[in-house]
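Input: a single structure, listed below in structure tokens.
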Amino acid sequence: MIPRPKPERFRLRRTMMFMNAQKPGLIKDAYIYGVDSIMLDLEDAVAENQKDAARFSLYHALKTIDYGDTEVIVRINGLDTPHWEEDIRVCVAGGADGIRIAKCESAQDVKTVEAHVLAAEREFGVEEGRTLLMAALESPKGILNAYEICAASDRMFGVAISGGDFRKCMQTKFSPDGVDMMVARGQMLIAARAAGVQCFDTVFTNLDDEEGYRAEVMQNKAMGFDGKSLINPKQIRLVHELFAPTQKEIIQAEKIVRAYREQSAAGVGVFTVDGKMIDIAFIPGAERTLKLARACGLYEGDLV
Amino acid sequence: MEILKPAVAGTLESSDLMVTVEPGENGIELSLTSSVMNQYGRQIKETVLDTLDRLSVKDAKVTVVDKGALDCTIKARVECAVYRSCDQSQKDIDWGGVIR
């Protein structure tokens, strides 16, 4: 039995890799890849007649395998299926760090899952409030209701868009410049930031298209995503590389934070660093850069 | 639990195993083949029998074809096959109780 530490609502989640919970060969050593979170899947990856077997397999994996610092999230079946209630019981009993609600469309969906999670925590003697939640938005309705979904529960740590289902609903298909999902990604990001939760992009499914993958990850970073969903270990490195702050950004952030602390102690509100105007509005961003740099092993200073 | 009808769980993929349970009358009749028989045959057999014992299965014909599964997978597949044979595999599982 491997007791996992209490999950942190906000932690580094640059990469979140899907794995079929029904396949022992995959889930037994998922922690070796250095991914931030693994997403054990009870939903689409598991055939309809193997949902029961996947739960037994998931339960023992959660209880037996030491995933170390890798966060363990489970994607449960949608609320329109006969499976989700038992999925929640097994996640909570097994001690998963969090649950990903598939096909989430409203705050009520989140509240329904939350109520069942709480009931399961009581049933299995798990600390109340321990199990975190995130929602996958897979439909136009989900995107339109993004803010109420993000703000529906104190357990919510983030929201992700699911490209396959969303494009299907919109009667569009993958486009290399991202124009097919530009508005949806933007709306979800705004909602997530407004509610103070994290935001994750969809998977990139063509494993042979390295150039396209790089372009999408760079766009994700530029748009302000916290991380990306992945389908293969070979996708991890690029995200960690591109999401890490550059040396130049780290030095700049360090200068800004240091100068701000000195200047504000001296009673100055606005000043310049390397010729650029700096005031209090720049400080959270600079501090975030340093925190991310520290998490990536690139900063060892004491400013954050 | 009483094995009511034949049931199967698992696959023949690497790191997995396939467990078949059928109604029996003379205790547990276990037939085991494994790709790692020489190294782990005894341990696999012990895990299968312990799991059946935990589920209070007294009489059953059990066929296991192992492809190098970990203990946690062996337990999961045996449990699922037994629960399926009683049509109880879908909900209200006793996680952390009988299943542990």
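Taking the conditions exactly as written (of a type in the set (Lys, Arg) and in contact (Cβ under 8 Å) with a residue 40 or more places away in the chain), does A:LYS228 satisfy them or not? For A:LYS228, the condition - of a type in the set (Lys, Arg) and in contact (Cβ under 8 Å) with a residue 40 or more places away in the chain - is met.
Exactly one residue among A:ASP52, A:ASP41, A:ASP80 is within 13 Å of chain B (Cβ to nearest Cβ) and acidic (Asp, Glu), and that residue is A:ASP52.
Residues being surrounded by fewer than 16 Cβ atoms within 10 Å (Cβ to Cβ) and facing chain A (nearest Cβ under 10 Å) are represented in segment B:75-88 by at least one member.
All of B:GLU29, B:GLU25, B:GLU46 fail the test of being more than 14 Å from chain A (Cβ to nearest Cβ) and under 27 Å from A:ALA93 (Cα atoms), apart from B:GLU46. Only one entry in A:ARG122, A:ARG100 is more than 8 Å from chain B (Cβ to nearest Cβ), of a type outside the set (Val, Ile, Thr) and not in a helix (DSSP H, G or I), namely A:ARG100.
Among the residues of segment A:58-91, those that are assigned to a helix (DSSP H, G or I) and over 24 Å from A:ARG14 (Cα atoms) comprise A:TYR59, A:HIS60, A:LYS63, A:THR64, A:TRP84, A:GLU85, A:GLU86, A:ASP87, A:ILE88, A:ARG89, A:VAL90. Among the residues of segment A:221-235, what is the count of those that are crowded, with 20+ Cβ neighbours inside 10 Å and touching a helix residue (DSSP H, G or I) at 6+ places or on another chain (Cβ under 8 Å)? Residues that pass the stated criteria total 5.
Let's see how each residue does on (1) within 26 Å of B:MET18 (Cβ to Cβ); (2) over 21 Å from the mean Cα position of the chain (by Cα):
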{"site": "A:THR70", "(1), (2)": "no, no"}
{"site": "A:ILE73", "(1), (2)": "no, no"}
{"site": "A:PRO82", "(1), (2)": "yes, yes"}
{"site": "A:SER106", "(1), (2)": "no, no"}
{"site": "A:LEU118", "(1), (2)": "no, yes"}
{"site": "A:ALA136", "(1), (2)": "no, no"}
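Restricted to segment B:1-19, and to residues that are of a type outside the set (A, V, I, L, M, F, W, C) and surrounded by 19 or more Cβ atoms within 10 Å (Cβ to Cβ), which residue is nearest to B:CYS80 (Cα to Cα)? My answer is B:GLY10. Scanning segment B:49-64 for residues that are within 14 Å of chain A (Cβ to nearest Cβ) and among the aliphatic types (A, V, I, L, M) turns up just one, B:LEU55.
Let's see how each residue does on (1) at pLDDT 95 or above; (2) part of a helix (DSSP H, G or I); (3) farther than 26 Å from A:GLU86 by Cα; (4) of a type in the set (A, V, I, L, M, F, W, C):
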{"residue": "B:SER14", "(1), (2), (3), (4)": "no, no, yes, no"}
{"residue": "B:MET18", "(1), (2), (3), (4)": "yes, no, no, yes"}
{"residue": "B:VAL48", "(1), (2), (3), (4)": "yes, yes, no, yes"}
{"residue": "B:VAL57", "(1), (2), (3), (4)": "yes, no, no, yes"}
{"residue": "B:VAL64", "(1), (2), (3), (4)": "yes, no, yes, yes"}
{"residue": "B:LYS75", "(1), (2), (3), (4)": "yes, yes, no, no"}
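The values are calculated or read from the model by the stated rules, or taken from the named source; none is laboratory data. Bear in mind the structure is a predicted one, so any value in this text is a computation, not a measurement. Counting neighbours? That spans all protein chains shown, and the Cβs are built from the backbone with ideal geometry, glycine included.
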